[in-house]
Amino acid sequence: MSKPISLESPSALRKPMRRGYGWLALAACALFLLGCTAAAHLHQKDAPAPVSRPAYAFEQLIPEGAGKPSAVTIAHAGEAFTLLRGEDGVRLEGEDAALDSHAAGELLACGESILARRRLEGSPEAYGVTAQSLSASFRYDDHSTLTLRLGEAVPTGEGWYAAVDGMDGVYIVNNALARALSASRLSLYALPDLSARFTAQTLKSAAIEQPEKPVITIARALQANPFNTMVELTSPIHYPANSERAAEVYLALEKLQPASLVAPEGEIADVLATITLQDQSTTTLTIGYTEDGYVMQLDGDRAVYAIAPDALAFLDSLTVPWLAEQLPGLVMLSQVASIDVRAENQTRHFDVDQPAKAYEADGTAIDEADFLPVYQQMIGLLIERYVPNAQPAGDARLELNYTFTDGKRWSLVIAPYDEQFDLIVRGDCACFLISRSRTDELIRALFAL
């Protein structure tokens with residue numbers, strides 16, 4: 001019978017090892033470890049080596065100690081211009097034209113630091129650097145020079161190929177440098193700021209002349225104001241202007257700003273409009289069309305500027321009927337002291353005290369509820385047609401003579417025109433028509449009070 005094994009004594013599970021077997025086990029373990037090490041070494045030897053990316057070593061192409069660039073000459077597509085740095089700023093050689101200080105200064109400053117990402121071997125022509133390439137020749141304070149020539153754009157987008165006269169190889173320069181050096185001569189000129197000359201809020205008058213059309217002038221009524229309106233048509237007729245539409249024109253004129261310089265000198269053959277603006281000073285805009293689109297010249301200057309096409313949209317609707325105030329007899333009741341009415345052989349006299357709500361017709365008091373609708377009918381006559389040429393006025397069918405609280409007087413006359421229309425005569429203007437039936441209705445209402 002076998003002896004039971006005690007779980008409390010681990011030593012009871014051990015079997016005696018024959019002498020000499022322990023050393024064999026140790027040797028087998030050692031051989032296994034050596035095999036693993038050798039296999040790992042062989043695996044590393046067969047594996048491909050990691051790819052190393054080329055490290056960019058930026059190189060400064062400007063000679064050390066050259067100082068700041070005092071001039072740069074840009075040559076491209078058969079044209080060239082030179083920027084000079086002087087005590088008064090940057091200017092174009094041979095010109096006194098005002099320049100955009102930021103644009104011109106940025107172009108000249110390109111020569112202060114030209115960093116190349118890396119240098120490539122090979123012929124410059126293989127990278128697009130040819131005799132026709134854009135070249136930038138910088139001159140420095142120490143009288144040294146450096147000429148950089150741009151080639152093609154790097155396909156990866158990291159920059160542009162460029163070569164330096166007198167230096168071997170081709171360099172990759174930044175995109176920002178290439179963009180700055182590609183600035184055209186026209187982009188360097190300063191654009192005039194017309195907002196310093198006039199604004200929609202301060203503009204006093206605008207005279208707009210278009211080919212084969214009469215000159216249309218609208219002006220703020222700042223002094224003599226016979227029509228009691230804020231804006232008046234002063235040509236081709238003297239008549240109240242619709243304030244909202246006049247404001248549209250003023251705002252459109254404010255948007256006529258130069259967008260870019262088309263040519264330092266030139267002429268506009270196809271003139272669309274000549275606009276004379278009166279503010280603190282007088283400004284004349286000549287608007288036209290060329291192969292470059294819509295353009296403008298200022299005050300007879302030969303410089304031609306591009307403008308946005310939509311800035312001229314207001315010219316399409318600019319007509320006398322569109323601008324004319326559509327209420328020919330519009331007078332605020334609070335300003336009226338009395339009204340004398342004459343129609344054929346009849347007359348009426350109305351006394352008005354609007355603050356006290358007191359109204360009389362030929363000395364007899366009339367109720368406000370009866371008077372106000374008729375007064376609205378008087379001032380609410382609408383223009384129905386426009387006659388470009390002033391018409392001779394015959395005997396009046398209806399005459400309204402207003403006396404204002406300040407003592408001034410104003411008259412509106414409605415005279416016969418034809419069987420369908422009557423002619424509205426307001427001051428020196430006799431160019432608008434109203435239906436004869438409307439005149440008849442007003443006459444009946446006035447004399448029925």
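The values are calculated or read from the model by the stated rules, or taken from the named source; none is laboratory data. Computed from a predicted structure; not experimentally measured. Cβ placement follows ideal geometry from the backbone for every residue including glycine, while neighbour counts extend to all protein chains displayed. The accessibility values were calculated without ligands, DNA or RNA, using every heavy atom of the protein model including side chains. Shrake-Rupley method; radii C 1.70, N 1.55, O 1.52, S 1.80 Å.
Ordered from highest to lowest accessible area with the whole protein assembly present and a 1.4 Å probe, R409, R139 read as R409, R139. Here the chain is treated with +1 on each Lys and Arg Cβ and -1 on each Asp and Glu Cβ, and its dipole about the Cα centre works out to around 3840 debye.
Between A219, A153, A190, the GNM of the chain built on Cα springs shorter than 10 angstrom shows A153 fluctuating the most.
Inter-part distance, the stretch 406-449 to the stretch 143-196, computed on C-alpha centroids, equals 72 Å. Taking all protein chains together, K357, K255, K204, K213 sort by accessible area into K255, K357, K213, K204, largest first [probe 1.4 Å]. Projected label points at Q346 and E419, each 7 Å from Cα along the beta carbon direction, are separated by 2.5 nanometres.
Sort the chain into rounded, prolate or oblate with this rule: let a ≥ b ≥ c be the square roots of the eigenvalues of the Cα gyration tensor; rounded if a/c is under 1.5, and if a/c is not under 1.5, prolate when a/b is larger than b/c, oblate otherwise. Note, shape of the chain comes out oblate. Here A109 and A259 are evaluated by their C-beta separation; at R0 = 30 Å the FRET efficiency comes out at 0.75.
Would you calculate a helix-derived [θ] at 222 nm for the chain, using -39,500 (n - 2.57) for each DSSP H run of n ≥ 4 and dividing by the full residue count, to the nearest 500?
Using -39500 (n - 2.57) per qualifying helix, the result is -5500 deg cm²/dmol.
Charged side chains reduced to their Cβ positions (Lys and Arg at +1, Asp and Glu at -1) give the stretch 120-225 a dipole of some 940 debye around its Cα centre. Comparing G65, A343, W322 along the charge dipole axis of the chain, the residue lying farthest to the positive side is G65, per the Cβ-charge model.
Residues in the stretch 344-356 carry Karplus couplings, in order, of 6, 9, 10, 9, 8, 10, 10, 9, 10, 9, 4, x, 8 Hz; the curve used is 6.51 cos²θ - 1.76 cosθ + 1.60 with θ = phi - 60°, and Gly or Pro positions show x.
Result for the chain in a Gaussian network model with C-alpha springs under 10 Å: among A206, A259, A365, the largest mean-square fluctuation is at A365. Principal-axis analysis of the Cα atoms of the chain puts helix 243-254 at an angle of about 40° to the longest axis. Taking amide H positions as placed 1.01 Å from N in the peptide plane, with prolines and chain starts having none, which residues 5 or more places from F421, or on another chain, fall under 5 Å of its amide H? For F421, whose amide H was placed from the backbone, the distant partners under 5 Å are R436. The angle separating the long axis of helix 436-448 from the principal Cα axis of greatest extent in the chain is about 60 degrees. Close amide H pairs (under 5 Å, H built 1.01 Å from N) link G67 with no residue at least 5 positions away or on another chain. Backbone geometry of the stretch 191-201 corresponds, through the Karplus equation with coefficients 6.51, -1.76 and 1.60 at θ = phi - 60°, to 3J(HN,Hα) couplings of 8, x, 9, 6, 5, 7, 9, 7, 9, 4, 7 Hz, x marking Gly and Pro.
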